[in-house]
Amino acid sequence: MRVVILDGAGDIGAFGAGLILDGVLQGRIRTLGVATGSSPLAIYRALADRWIPALAHLDAFALDEYVGLPADDPQSYHSVIRREVTDRLRLDPANVHVPDGCAADLDAECERYEATMAAAGGVDLQLLGIGRNGHIGFNEPSSSLSSRTRPKTLMAATRRDNARFFDHPDLVPRHCLTQGLGTILDAAEVLLVAQGAGKAEAVRAAVEGPVSSMCPASVLQLHRRATILLDEEAAQQLALRQYYLDTEKTRIEGLRP
Ligand code: GLP
């Protein structure tokens with residue numbers, strides 16, 4: 001794992017956008033996995049500021065969607081991805097995919113979504129946030145580490161955390177469709193972003209705890225190209241914090257005897 005600790009949202013946005021733009025320019029990133037939530041917003045905004053025409057040719061796949069919210073509901077992830085990603089990065093809406101949480105047959109919809117991802121050649125870089133309980137996508141604790149896209153039940157704590165986006169806590173859906181942990185591991189590269197002290201415990205468990213379904217993000221320890229992008233607050237519980245800072249310094253200055 002590469003753990004990068006930066007000063008704040010501005011630096012996180014610039015770093016993440018730089019990584020993505022490099023990949024796009026090199027032809028390595030043609031399909032982007034996109035996440036909702038506040039964590040990746042700085043990256044989307046920095047990408048919009050540094051927009052290049054090649055971005056418009058990207059395919060994008062969302063991680064998850066609520067069950068029962070129509071695509072035009074402002075809180076559906078269809079709407080969030082359209083506002084924050086498709087419009088800002090000027091992607092072709094036909095190339096932006098979000099699972100349909102209103103499909104009549106949700107299991108069939110999940111299979112269709114996996115098949116669409118496979119037909120596109122898979123995800124080249126997957127952006128991720130992390131829930132306070134360690135979830136990625138909506139893979140709640142106890143999710144199978146090899147799970148595929150499927151319907152899931154949201155934990156009460158996750159519904160409480162996400163209630164800030166809804167007019168009333170009871171309006172937060174109880175179920176979702178989410179890419180599985182196995183689906184996420186199939187991405188060629190992953191970039192997880194976490195900010196704020198509220199994420200520090202989840203980040204510690206994900207980066208330095210055992211690989212365990214009780215912290216779904218810990219599965220990223222099995223990924224060959226996982227970068228964890230943190231601000232100081234989110235990094236504050238890491239035992240090896242100084243080592244991660246030293247390692248990044250070495251990347252900049254080069255190896256020295
Ligand atoms: C939701 C999303 C996750 C996201 C998480 C954290 O539950 N399904 O993909 O990582 O929220 O959100 P935030 O970045 O706003 O803290």
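Please treat every number below as a calculation from the coordinates, not as lab data. From a predicted model like this one, the values you see are computed outputs, not experimental measurements. Heads up, the Cβs are rebuilt from the backbone with ideal geometry, glycines too, and the neighbour counts pull from every protein chain shown.
Taken as Cα centroids, the stretch 121-150 and the stretch 77-100 sit 19 Å apart, rounded to the nearest whole angstrom. Percent of Cα pairs in the stretch 1-157 per distance bin of 10 Å, from zero to the largest separation: 10, 39, 37, 13, 0. What separates the Cα centres of the stretch 184-257 and the stretch 1-38 is a distance of 14 Å. Excluding residue 118 itself, what net charge comes from residues whose Cβ is under 13 Å from its Cβ, given Lys and Arg +1 and Asp and Glu -1? With Lys, Arg at +1 and Asp, Glu at -1, the neighbours total -2.
Considering only beta bridges that DSSP places wholly inside the stretch 2-234, some 30 percent are antiparallel.
Sorting 146, 39, 79 by the number of Cβ atoms found within 10 Å of their own Cβ, with the fewest placed first, yields 146, 79, 39. Between residue 71 and residue 112, the simple spin-label model (points 7 angstrom out along Cα→Cβ) gives 1.0 nm. Ranked for footprinting exposure by Cβ neighbours inside 10 Å, fewest first, 76, 213, 38 give 38, 213, 76.
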